[in-house]
1. Condition (residue is of a type in the set (A, V, I, L, M, F, W, C), under 17 Å from Pro11 (Cα atoms) and modelled with pLDDT of 90 or more) applied to segment 43-58: is it met by at least one residue?
2. Is it fair to say Ser126 is over 23 Å from Ala20 (Cα atoms), at pLDDT 80 or above and of a type in the set (Ser, Thr, Tyr)?
3. Under the condition of being assigned to a strand (DSSP E or B) and open to solvent by 40 Å² or more (accessible area, probe 1.4 Å), which residue from segment 130-153 is modelled with the lowest pLDDT?
4. Can you pull out the residues in segment 28-73 that are among the β-branched types (Val, Ile, Thr) and surrounded by fewer than 19 Cβ atoms within 10 Å (Cβ to Cβ)?
5. Quick test for you: out of Arg55, Arg37, pick the one residue that is part of a loop (DSSP other than H, G, I, E, B) and either out of contact with any helix residue (DSSP H, G or I) (no Cβ under 6 Å at 6 or more places or on another chain) or at positive phi (or both).
6. Given Glu23, Glu86, Glu94, which one is at pLDDT 85 or above, loosely packed, with under 15 Cβ neighbours inside 10 Å and over 18 Å from Thr120 (Cβ atoms)?
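The values are calculated or read from the model by the stated rules, or taken from the named source; none is laboratory data. Quick caveat, the model's predicted, so the values are computed rather than measured. For neighbour counting, all protein chains shown are included, and Cβ atoms are generated from backbone atoms with ideal geometry for every residue, glycine included. For the accessible areas, the whole protein counts, side chains as well, though only heavy atoms, and no ligand, DNA or RNA atoms are used. Shrake-Rupley method; radii C 1.70, N 1.55, O 1.52, S 1.80 Å.
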Amino acid sequence: FPPTPVICDAPGGAGGFFVAWPELRNTIGGEPVPLLRYTPPWRIGGEATEVELDRSVHKLALSPSGRYLAIGCASGRWEAELRDLESGRFAIIEQPRAVTALCFDGREQRLVLCSQEQVTIVSIRSGDAEQRVTIPRGAAGVAHHPNENVLLVIDGFGSGGAQRQVVLLLRGLQARGH
């Protein structure tokens, strides 16, 4: 199989995308995967950044300001990384399985991770998991509403492949499903 790209939007005036090309044949160990930036005018191969990723990279998200990078892992590495691209600091957040989705809130205070039947809300300041919420049919996607108090979680692993939306209302660190 050819490598499958892992892509996220790149904020800023130039826009574009960040792309990583992990090798599917050898996901454990090996050389790091460079993170490339593609911007107009579109060039084959993109522009190299200073960021290198583990080959288990499965999902990427960049915070609205571009300061923080979230990396969701798979292929036996059940965790996510939160990197501060300005200071170089990073945190590792353990997950029950592969990270299926991730997003930042608009004020860059929280990172939200989905993994199997769990949604993890992470403090960007500390890098610690503030809360873990169980989604019985599995968390397949997530979006953070601009009002900062609502998460939309897609649970899509039920019978017949039907997907439902689960809305979590955040009150401080409390979340409850609806």
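1. yes
2. Against the criterion (over 23 Å from Ala20 (Cα atoms), at pLDDT 80 or above and of a type in the set (Ser, Thr, Tyr)), Ser126 qualifies.
3. Residue satisfying both the conditions and the ranking: Leu152.
4. Within segment 28-73, Ile28, Thr39, Ile44, Thr49, Val51 qualify.
5. Arg55
6. Checking each option against the conditions leaves just Glu86.
Okay, residues lined up against (1) on the phi > 0 side of the Ramachandran plot; (2) among the hydroxyl-bearing types (Ser, Thr, Tyr):
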{"residue": "Leu69", "(1), (2)": "no, no"}
{"residue": "Ser75", "(1), (2)": "yes, yes"}
{"residue": "Arg83", "(1), (2)": "no, no"}
{"residue": "Gly88", "(1), (2)": "yes, no"}
{"residue": "Pro96", "(1), (2)": "no, no"}
{"residue": "Phe104", "(1), (2)": "no, no"}
{"residue": "Val112", "(1), (2)": "no, no"}
